[in-house]
Amino acid sequence: MKLKNSFFYTLRENQKGEDSTSGNLLVRAGFIKKSSAGIYMLLPLGKKVVTNIENIIREEMDKTGCQEVTMPCLINEETFIASGRRSGFGNSMFSLKDRFSKPFVLGPTHEELFAIAAQMKINSYKDLPFSLYQIQTKFRDEPRPRYGLIRVREFVMKDSYTFDKDEAGLDVSYQKQFDAYKNIMNRLSLNYKVVKADTGIMGGLLSEEFQAVSDIGEDILVLCDSCDFASNIEVAKCVNEKVPHKDELEIEIVHTPNAKTIAEVASFMNLSSEDFVKTLIYSIDGVPYAVMVKGNRDVNEVKLRKIFNANIVELATPEIVLDVTNAPIGFAGPINIKCKIIMDEEVSNMSNFIVGANKEDYHYKNVNHKDFEVDHIADIRNIQEGDICPCCNGKIYFKHGIEVGNTFKLGTKYSKALNLEYLDSDNQSNLVWMGSYGIGVGRCMAAIVEQNNDENGIIWPMNIAPYKVSVVVISSKDEIQYNLANEIYNQLNNSKIETLLDDRDERPGVKFKDMELIGIPLRITVGKKAAEEIVEVKSRDGKVNSEMHISEIKNFISEYINNHQ
């Protein structure tokens, strides 16, 4: 590509509307342009990067025997009602009606349609296994789009689906997809972790996330300093440490004026937050529950939802709190409370702790388990840094991650809902076992930029870069420089090395700044030594910076690219 007559622009100033490094750099470098909240145009350079990512994905999918299809974005709403997921998506699903008032939605995901397509092929066990994939646009009405391409309302996803006759077959298909995902992430040069995760609205038997490590990641990755344990905080199991036995003391009620929070009460009583048990009133599918965790811990709402197989888990309204405690928010406790109690396992080992008294400005001191009745005891807290690893005696530490991929063992959830069955060798009807696997293409691009940038702009890995080489002419009006630059440009492109030529009538400093901003891995500068056929070669990461004769260029560039694929 020659820049002089192409669609190419850059922006010098940081963009106020972009709250992430990747979003800011991709907009400034002219890869993307925001059209509205959470919706972006994909411009020529961005399109080339996305195409490179998609090509890597296609190559790895094709190796597994997965076949590519394209499903519609516009889907009959009844399809999601039949699978039981319409209510789960709620307001996050874009919905509309056609001219005949028939309800449709813009697809947030495509499990249902793939199951329906599979019905066309599957009759007998002999028709299994097989797998399909697509690279298609998805739509989700995010309440708070942010971080550029990381949290958006319209995005491109690669989703694939496997179909097997039993769980053993699903395990084999899942492993093929899982290994392909690792190959994809490695080829994208991402620093990533694979963590166990909540199956969420997808449902099924297992979910594993491919998380690109990044400080702006919205997910908390739970890792061990001594083993390979890795989990999303939502599902990380907690280990209960042994505590020394204490003689039970006599319960006391203490006046705690103007002290509602754990920190305020702890300061008032001159005690540690670890001496407290906080009682939070939750509404679980509309039913109030008192949830008890240690004072320095947080409730894990995903664990709560799983215990009750609930659809909605949320903190209760002030009205509900008042109804079950006879006190405003801040004074709830388990003694004489008017709802069922769920206690975290860690609290069951405590004694002589402090709780709210269900009375404004009062707390109980020296509370023990004989003072109230518990309906459920379970692991319902978030794991914390420094806790014991669930798999060894190592210590837990956290990283933040951007979820760029996810793999699910769906089991028979969608087959049962949509009547996807096959006949076995005994002519008996059985449900098909499914797997679902997704990669966010735009998120991958954003995550790569988050991990590969400096103060001057993007540093693209070779596999992903829109162009491998940029040729910069110091003076386009100098005929010798201009002709030599074109010669190099044509030679490299003819050798299938994607190269751009900056032949604009701009100052050299502007050209250098732009090439650094857009992140091309190698830059060839044609300047004052053009008459000697000597050029400067510099790598974007700064590891190469030397002069060489043009006779050396092709071999050097080819070797450099091969060593950095």
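Quick look at the numbers
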{"read-out": "Whole-number accessible area per residue in Å² for the chain, which is evaluated in the context of all protein chains at 1.4 Å", "value": "47 Å²"}
{"read-out": "Rounded if a/c under 1.5, otherwise prolate or oblate - the stretch 269-406, Cα gyration tensor axes", "value": "oblate"}
{"read-out": "Tilt relative to the chain, helix 508-518 - C-alpha long axis, 0 to 90 degrees, to 10", "value": "40 degrees"}
{"read-out": "The chain, relative contact order [Cα under 8 Å, separation at least 6], %", "value": "16 percent"}
{"read-out": "Relative packing of 539-547, 403-411, which averages over residues the other C-beta atoms within 10 Å, highest first", "value": "403-411, 539-547"}
{"read-out": "Portion, in percent, of the accessible area of the chain that falls on carbon or sulfur, probe 1.4 Å", "value": "47 percent"}
{"read-out": "Segment residue 97-residue 385, length gained on full extension (0.36 nm per residue, minus Cα span)", "value": "98.8 nm"}
{"read-out": "The chain: angle of helix 550-563 to the longest principal axis, Cα-based, in degrees nearest 10", "value": "20 degrees"}
{"read-out": "Proximal lysines to residue 413, defined as alpha-carbon separation beneath 22 angstrom and excluding residues fewer than eight positions away on the same chain", "value": "121, 126, 138, 158, 165, 176, 196, 303, 306"}
{"read-out": "Magnitude of the charge dipole, the chain, Cβ model with Lys/Arg +1 and Asp/Glu -1, debye to 20", "value": "1620 debye"}
{"read-out": "Cβ-based charge dipole, the chain, positive-most Cα from 347, 435, 549", "value": "549"}
{"read-out": "Helix 44-63 axis, angle to the chain major axis (alpha carbon atoms, nearest 10°)", "value": "70 degrees"}
{"read-out": "List 157, 445, ordered by accessible area with a 1.4 Å probe, largest first", "value": "157, 445"}
{"read-out": "Gyration tensor (alpha-carbon) shape descriptor, the stretch 479-565, a/c threshold 1.5", "value": "rounded"}
{"read-out": "Estimated 222 nm signal from helices in the chain, with DSSP H stretches of n ≥ 4 weighted -39500 (n - 2.57), rounded to 500", "value": "-8000 deg cm²/dmol"}
{"read-out": "Hz values of 3J(HN,Hα) by residue in the stretch 140-148 - Karplus curve (6.51, -1.76, 1.60), Gly and Pro given as x", "value": "9, 7, 4, x, 9, x, 6, 6, x"}
{"read-out": "Percent RCO, i.e. relative contact order, over the stretch 313-440, from Cα pairs under 8 Å lying at least 6 residues apart", "value": "16 percent"}
{"read-out": "Charge-dipole axis of the chain as Lys and Arg at +1 and Asp and Glu at -1 on Cβ define it, positive-most pick from 460, 406, 277", "value": "460"}
{"read-out": "Neighbourhood charge, 12 Å Cβ-Cβ cut-off, centred on residue 164 and excluding it, Lys, Arg +1 and Asp, Glu -1", "value": "-1"}
{"read-out": "Qualifying trypsin sites (Lys or Arg not before Pro) for the stretch 5-92 [loop in DSSP, other Cβ within 10 Å: at most 12]", "value": "12, 16"}
{"read-out": "Order by protection proxy (mean Cβ within 10 Å, highest first), peptides 238-247, 360-369, 100-109", "value": "360-369, 100-109, 238-247"}
{"read-out": "Separation of the residue 336 and residue 314 label points, Cα + 7 Å toward Cβ, nm", "value": "3.1 nm"}
{"read-out": "Theoretical gain in end-to-end length, residue 563 to residue 513 [0.36 nm per residue, Cα-Cα removed]", "value": "15.4 nm"}
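The values are calculated or read from the model by the stated rules, or taken from the named source; none is laboratory data. What you see is a predicted model; the values in this text were computed from it and never measured. Methodologically, a virtual Cβ is constructed for each residue, glycine included, from the backbone with ideal geometry; neighbour enumeration extends over all protein chains shown. Quick note on the areas: whole protein, heavy atoms, side chains included, nothing else; ligands and nucleic acids left out. Shrake-Rupley method; radii C 1.70, N 1.55, O 1.52, S 1.80 Å.
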